[in-house]
Structures are given as C-alpha cells and as structure tokens.
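Working notes, structure below.
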Amino acid sequence: MALQPSLSPFILSGTRDSPHTLEFFYCFVCVHSARSANTLNTIIKPLLESKYGGKVKVIFRPQVQPWWPSSSISHEASLAVAKVAPNAWYNYAIALFANRTSFTDVPTSGLTPVQLREKLADFGAECGALTAEEVSAVKQLLTLGPNGGIGVTDDLKYCLKYSRQNSIHFSPTVLWDGLIQTEVSSSWGQPEWEGFFEKRIPV
C-alpha cells in the first residue's frame, strides 16, 4: 500500500514487496491502541516473522484523535523521531505506548504545546531510544517556524489525509490488503491472530 518515503520506518515487518499488507491505525494516547500495539510487538510480529516470513508487510499508521489535544502533539513527536533517528523510532513508539498515561490530556493539561513538545522530545532520552544530540534535533523539528507549522507538519498532513480518504474514524483500526477488518479487536491474543492469518495466507 502507499507509503511516502519519509515514513519508511513505519514498515514494522516484511518489505515493500511483500504480497500482503496489514495496517494498524494507532493513537498514542488511546488505551486500546496501546493494548493492540503491545500485542503487535509481542505476538503478531514474532508470529509473522517465524511462520510467514516475507509474506506480510505491517505498517503503523498514525491516527490523530483530535478530541484529545495531546494526541496531535504526540504524533508530531513520533514523526520527528522517525525523521531524526529512523532506526530508533520503533523503540520510542513502544515506550510511548507503555507510558501513555503520562501524555494524556489530564497530566499534560497545564503544559503549553511548546512545553509538551519538549517533554516528548526529552522522553526519547529518558526511555533510552535517543541520544542527547538526537533529542536536540527532534526539538529543532518540533520548533514553530515564522509562518507557523513545524518540521514534520507535511508528514502529519499526509497521515491525516490518508486516514480520511480511507474513512478511518477511531483507533485502533486494522486493514488487511486495503480493507477494514471489523472483526479485529484490541483484546485479541495469539489464538485469534493465528486463526486470522491461517485463513488469509497460504503457507
């Protein structure tokens, strides 16, 4: 499926040439996205790589949920990390999900957008994903320009447009080969995912 080059770190498994595509639309401050992302990390990726090597590419799709103001800024930070340190982005994302309660609206309600961007950049070092130099580079990308916007605004617009044209309304939403899979639940474990893949991928 379509993925602009600057977002290549968001291919989590497989390659661009893999015959099947599994897309996860996630919001960093959504509890259900966090649960599903943990399953993706601990069950889905290992299962695909051990049993279906090369047959499925898994793509992370940022899904900003604007009713949570911190959602947009969390995704800005993620996009900045992907640009500055693509090889460290996945570790940052997993850590951000694991610490989502620190970045939801209530604990961040007293912060300005500038302060929240700095907090999310500093978190990259706190979680061990980024060096001090990388944190500084992320902060530069998250700094407002003279005409508004930041260094990853265009990437964020691309992600939002992709979600909208595919009628994605909430997270997590899962697509298989471009079609929404309404039966998939964030509560699924290994048995459900094994059954899902067995129906769709010839071994």
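The values are calculated or read from the model by the stated rules, or taken from the named source; none is laboratory data. As the structure is a computational prediction, the values presented were derived from the model and not from experiment. Cβ placement follows ideal geometry from the backbone for every residue including glycine, while neighbour counts extend to all protein chains displayed. With ligands, DNA and RNA removed, areas are computed over all heavy atoms of the protein, side chains included. Shrake-Rupley method; radii C 1.70, N 1.55, O 1.52, S 1.80 Å.
Taking the stretch 5-199 on its own, what percent of its Cα-Cα pair distances exceed 21 Å? Cα-Cα pairs in the stretch 5-199 separated by more than 21 Å: 50 percent.
For residue 21, the amide hydrogen comes within under 5 Å of the amide hydrogens of 57, 177, counting only partners 5 or more places away or on other chains and with H modelled in the peptide plane.
What whole-number value in Å² describes the accessible area per residue of the chain for a 1.4 Å probe? Kindly include the intermediate steps, with their values, before the conclusion.
Details: 9600 Å² over 203 residues.
Roughly 47 Å² per residue, with all protein chains present.
Restricting to Cα pairs below 8 Å that are 6+ residues apart, what does the relative contact order work out to for the chain? Please round to a whole percent. Don't jump to the answer; show the numbers that get you there.
On the way: 279 pairs, mean separation 62.0, N = 203.
Once normalised by length, the contact order is 31 percent.
Provide the FRET efficiency to the nearest 0.05 for the residue 114-residue 32 pair, computing r from the beta carbons and using R0 = 35 Å. Plugging the Cβ-Cβ distance into 1/(1 + (r/R0)^6) gives 0.75. To the nearest whole percent, what portion of all C-alpha pairs in the stretch 4-108 is separated by more than 24 angstrom? Beyond 24 Å sits 22 percent of the P(r) for the stretch 4-108. Taking Cβ separations below 4.7 Å as the criterion for a possible disulfide partner, the isolated cysteines in the chain are 127, 159. For the chain, a Gaussian network of Cα nodes joined below 10 Å ranks 113, 66, 86 by mean-square fluctuation, and the top entry is 66.
In this simple spin-label model, placing a label point 7 Å from the Cα along the Cα-to-Cβ direction at both residue 147 and residue 161 gives a separation of 1.6 nm.
Please work out how much length the chain gains when fully extended from residue 187 to residue 95, using 0.36 nm per residue of separation minus the C-alpha to C-alpha distance, in nm with one decimal. Write down the numbers at each step before the final one.
Details: separation 92, 0.36 × 92 = 33.12 nm, distance 1.97 nm.
Result for the pair: 31.1 nm of gain on full extension.
When the chain is modelled as a GNM with alpha-carbon springs shorter than 10 Å, which of 184, 81, 135 fluctuates the most? Taking springs between Cα atoms under 10 Å, the residue moving most is 184.
With a 1.4 Å probe and all protein chains left in place, how much of the accessible area of the chain comes from carbon and sulfur atoms, in whole percent?
Values: 5080 of 9600 Å².
In the chain, the share of accessible area belonging to carbon and sulfur is 53 percent.
Under the convention that each Lys and Arg Cβ holds +1 and each Asp and Glu Cβ holds -1, the size of the dipole of the chain around its Cα centre is about 280 debye.
Of 139, 161, 83, the residue with the greatest mean-square motion in the GNM of the chain, using alpha carbon springs below 10 Å, is 161. Between the listed residues 9, 195, 116, the Cα displaced farthest toward the positive end of the dipole of the chain, a dipole computed from Cβ unit charges relative to the Cα centre, is found at 195. For residue 26, nonlocal amide neighbours, meaning residues 5 or more places apart or on other chains whose placed amide H falls under 5 Å from its own, are 61, 63.
Centre-to-centre separation between the Cα atoms of the stretch 5-68 and those of the stretch 96-117: 23 Å. Ordered from largest to smallest accessible area (heavy atoms of protein chains, 1.4 Å probe), the residues 182, 39 come out as 182, 39. In whole percents, the pair-distance distribution calculated for the stretch 83-203 from its alpha-carbon pairs, binned every 5 Å from zero, is 2, 9, 13, 15, 18, 16, 12, 8, 4, 2, 0.
Each label was represented as a point 7 Å from its Cα along the Cα-to-Cβ direction; for residue 194 and residue 179 these points are 2.5 nm apart. With each label modelled as a point 7 angstrom along the Cα→C-beta vector, the residue 122-residue 170 pair spans 3.5 nm. In the stretch 5-199, the DSSP beta bridges split such that about 55 percent are antiparallel, to the nearest 5.
Of 155, 122, which has the most accessible area with a 1.4 Å probe, and how do the rest follow in descending order? Write down the numbers at each step before the final one.
On the way: 155 15, 122 55 Å².
Ranked from most to least accessible, the order is 122, 155.
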